[in-house]
């Protein structure tokens, strides 16, 4: 009996061991299958999975294109110019009086973006600068003549308006929120090809040194690889929600056509410029009053700085906002209104959003400690006064238009006074050989501070002596009789 019971016990124990071993091995095999075939398990998800979009529509831009294409217009400009022909006294002696002036018409083309249902349109300053006539063609082929509300060379932004209601318009996006690698569309009229849409990504932010011909540019461009060509200037840079995030302005090119990179003014700068133009007719420019530079590893080592972020203050404007607020040379500006600053262009972009008299909080790193400094922004001549719109005065006798210079322009040219010749038509001035863009500083040795003052002087008869300079530095004088 003992042998029988022992045999049964051993058999049962062996069966239990065998069953447990089978379950263990089978479990390991199931785990191995699960790991080598993740597609069979709901635990694993594709990292780009979206519950609101199927795999076939992830890069579908049709909605954004439909929302934007009707709000982008074709802008055609016409400007008249006068050339003074060389004078040949021998030809007049034998053939009579010769024609001394030649008028020719120059046409241009660009794009614009409707930003309100009552006809306000944003474009580039260089698209409409010097134009005598601006024609706007909508996507549905309706045509209107536009008037200039305001233009700003520093940001290359201009605002024009047509007389119409219930127009399709584009909503503002937030250019601060765009990220490198994000999909965007460029909408415009390249080479007069109406309503063209191209796609690309945000390649970089905060690009500067694009508007090289400008004396005091405000640059923090969005760089993209969406195809932009001549005629796209003033068109829309659009995110995938169909919102305006920039105004296409320039391209990097050796031949004048697209070669891979384009640049757009961020819409947050555009919004402020447009708001000023609508309310004041000109841009209210604020300054913080510092001389700054970017920080790299070598500069940080030389100045014993512990971080590479921010911009270094290496000078202060006497009586300026920063000096008055207590910012010091050697400070590192790290943020404006809690928005991080890492380059000179980013600081310019943030300051450009404010008006003289606005109070902002500036965070600076001083002696390796963060200090918050409240700063009241000022104008270039250290006041908080808002500026008035510069006047354009027309004179029929002289056949010219004159425009007052802003404080920014006077400071950039390093002069105390002056009035610009905006346009020249056939008349007394054109006969002297003077060219548009000439800055008149004196008439009959008297300083000219405004176009109204100059017009009053030119309404008197007698000999006139005009003195001044061109923006390339050449000084000149012209004389004639009224």
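Under the condition of being free of Cβ contacts under 8 Å to residues at least 40 places away in the same chain and farther than 20 Å from residue 261 by Cβ, which residue from segment 168-227 is surrounded by the most Cβ atoms within 10 Å (Cβ to Cβ)? So the residue we want is 193.
Would you check if there is a residue in segment 172-191 being more than 26 Å from residue 227 (Cβ to Cβ) and in contact with a strand residue (DSSP E or B) (Cβ under 7 Å, 6 or more places away or on another chain)? There is no residue in segment 172-191 that is more than 26 Å from residue 227 (Cβ to Cβ) and in contact with a strand residue (DSSP E or B) (Cβ under 7 Å, 6 or more places away or on another chain).
When you go through 300, 322 one by one, which is the residue that is out of contact with any helix residue (DSSP H, G or I) (no Cβ under 9 Å at 6 or more places or on another chain), outside the structural domain of residue 124 (by TED's automatic domain parsing), part of a helix (DSSP H, G or I) and modelled with pLDDT of 95 or more? From the options 300, 322, the qualifying one is 322.
Listed here are the residues, each with its yes/no results for (1) surrounded by 14 or more Cβ atoms within 10 Å (Cβ to Cβ); (2) under 21 Å from residue 269 (Cα atoms); (3) outside the structural domain of residue 470 (by TED's automatic domain parsing).
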| position | (1), (2), (3) |
| --- | --- |
| 343 | yes, yes, yes |
| 346 | yes, yes, yes |
| 352 | yes, yes, yes |
| 362 | yes, yes, yes |
| 402 | yes, no, no |
| 409 | yes, yes, no |
| 414 | no, no, no |
| 425 | yes, no, no |
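I'd like to check something: does segment 265-281 contain any residue that is surrounded by 13 or more Cβ atoms within 10 Å (Cβ to Cβ) and in a loop (DSSP other than H, G, I, E, B)? Yes, some residue in segment 265-281 is surrounded by 13 or more Cβ atoms within 10 Å (Cβ to Cβ) and in a loop (DSSP other than H, G, I, E, B). Of the residues examined, residue 150 is one that is touching a residue at least 40 places away in the same chain (Cβ under 8 Å) and within 30 Å of residue 399 (Cβ to Cβ). Checked against (1) outside any helix (DSSP H, G or I); (2) farther than 26 Å from residue 105 by Cβ, residue 422 meets all criteria but (2). Within segment 451-482, restricting attention to residues that are at pLDDT below 85 and in a loop (DSSP other than H, G, I, E, B), the residue that is nearest to residue 401 (Cα to Cα) is 459.
Each residue in segment 406-419 was checked for being touching a residue at least 24 places away in the same chain (Cβ under 8 Å) and assigned to a helix (DSSP H, G or I), and 6 of them qualify.
Residues that are in contact (Cβ under 8 Å) with a residue 40 or more places away in the chain and in a loop (DSSP other than H, G, I, E, B) were ranked within segment 427-445; the one that is surrounded by the fewest Cβ atoms within 10 Å (Cβ to Cβ) is 433.
Per-residue answers, yes or no, for (1) in a loop (DSSP other than H, G, I, E, B); (2) farther than 30 Å from residue 71 by Cβ; (3) modelled with pLDDT under 90:
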site: 94; (1), (2), (3): no, yes, yes
site: 97; (1), (2), (3): yes, yes, yes
site: 102; (1), (2), (3): no, yes, yes
site: 110; (1), (2), (3): no, no, no
site: 113; (1), (2), (3): no, no, no
site: 116; (1), (2), (3): yes, no, no
site: 122; (1), (2), (3): no, no, no
site: 126; (1), (2), (3): no, no, no
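With respect to (1) closer than 18 Å to residue 384 by Cα; (2) within 24 Å of the chain's Cα centre (by Cα); (3) surrounded by fewer than 20 Cβ atoms within 10 Å (Cβ to Cβ); (4) in contact (Cβ under 8 Å) with a residue 60 or more places away in the chain, the lone exception for residue 319 is condition (2). Scanning segment 346-377 for residues that are touching a helix residue (DSSP H, G or I) at 6+ places or on another chain (Cβ under 8 Å), over 21 Å from residue 277 (Cβ atoms) and either in contact (Cβ under 8 Å) with a residue 60 or more places away in the chain or not in a strand (DSSP E or B) (or both) yields a count of 2.
The values are calculated or read from the model by the stated rules, or taken from the named source; none is laboratory data. Computed from a predicted model, the values in this text were never measured in an experiment. Here the Cβ is made from the backbone with ideal geometry for all residues, glycine too, and neighbour counts use every protein chain on show.
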